[in-house]
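> Sharing a structure, written as structure tokens. Questions coming.
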Amino acid sequence: MKWDHINQLCDVVRETSFAIHKYHRNGHLEKVYENALGHRLRKLELDVEQQHPLTVYDEDGTILGEYFADLLIEGCLIVELKACKSVADEHIAQLLGYLKSSRIETGLLVNFGAAKLHIKKYLMTVSESGS
């Protein structure tokens, strides 16, 4: 049931992001898209936290610091937003770092900055062996 729920959340974020991009197009600052997505998802009665602090843990559980996720949805989905010409490797690495450090499994990278909306889902599954 957990995976059905997370997949449904991802679908809702995708659909909402497409609607925002269709209306606002590209050219705004990232914060405008963050506010728009947060607003529209809250209207759908989802729990959305903007600039939510995520605790970063070392492998032994020691707290090292915090990141701030653009959006944390329902406590289980990190959404990292961009407003740039194209997604770079650093953007992917940033999201994967958030997932690994926070121990949240699922994230979406959404770029509103190009003429064509870019959305990609990333999973961080930690195996029992630690690899």
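> Looking at segment 48-67, which of its residues are free of Cβ contacts under 8 Å to residues at least 40 places away in the same chain and open to solvent by less than 80 Å² (accessible area, probe 1.4 Å)?
Matches in segment 48-67: Val48, Glu49, Gln50, Gln51, His52, Pro53, Asp58, Gly61, Thr62, Gly65.
> A further question follows. Quick one: would you say Arg25 is more than 15 Å from the chain's Cα centre (by Cα), closer than 21 Å to Lys116 by Cβ and charged (D, E, K, R)?
So Arg25 fits the description; yes.
> Also, I was wondering about something else. Considering only residues that are among the charged types (D, E, K, R) and either closer than 15 Å to Val110 by Cβ or open to solvent by less than 10 Å² (accessible area, probe 1.4 Å) (or both), which ones fall in segment 76-100?
Glu80, Lys82, Lys85
> Can you find, within segment 101-114, the residue that is most open to solvent (accessible area, probe 1.4 Å) among those that are over 27 Å from Lys22 (Cβ atoms) and not basic (Lys, Arg)?
Step by step, filter segment 101-114, then rank; the result is Glu105.
> Can I ask one more? Failed condition for Tyr33, given (1) within 25 Å of His5 (Cα to Cα); (2) of a type in the set (Phe, Trp, Tyr); (3) open to solvent by 20 Å² or more (accessible area, probe 1.4 Å), with all others met?
(3)
> In the set Leu81, Leu108, Leu99, Leu71, which member is touching a Cys at 6+ places or on another chain (Cβ under 9 Å) and either without any contact (Cβ under 8 Å) to a residue 24 or more places away in the chain or not basic (Lys, Arg) (or both)? I'd like the intermediate steps shown before the answer.
Values: Leu81 fails: touching a Cys at 6+ places or on another chain (Cβ under 9 Å); Leu99 fails: touching a Cys at 6+ places or on another chain (Cβ under 9 Å); Leu71 fails: touching a Cys at 6+ places or on another chain (Cβ under 9 Å).
Every option except Leu108 fails the conditions.
> Follow-up question, since we're still on this one. Can you confirm whether Leu37 is more than 13 Å from the chain's Cα centre (by Cα) and over 15 Å from Tyr98 (Cβ atoms)?
Here the answer is no, as Leu37 does not meet what is asked.
> Something else now. Would you say Ile73 is touching a helix residue (DSSP H, G or I) at 6+ places or on another chain (Cβ under 9 Å), modelled with pLDDT of 95 or more and either open to solvent by 30 Å² or more (accessible area, probe 1.4 Å) or under 21 Å from Leu123 (Cα atoms) (or both)?
In short, yes.
The values are calculated or read from the model by the stated rules, or taken from the named source; none is laboratory data. The structure displayed is predicted, hence computed values, not measured ones. So basically every Cβ, Gly included, is an ideal-geometry build from the backbone, and we count neighbours across all protein chains shown. In case anyone asks, the SASA skips ligands and DNA or RNA and just uses the protein heavy atoms, side chains included. Shrake-Rupley method; radii C 1.70, N 1.55, O 1.52, S 1.80 Å.
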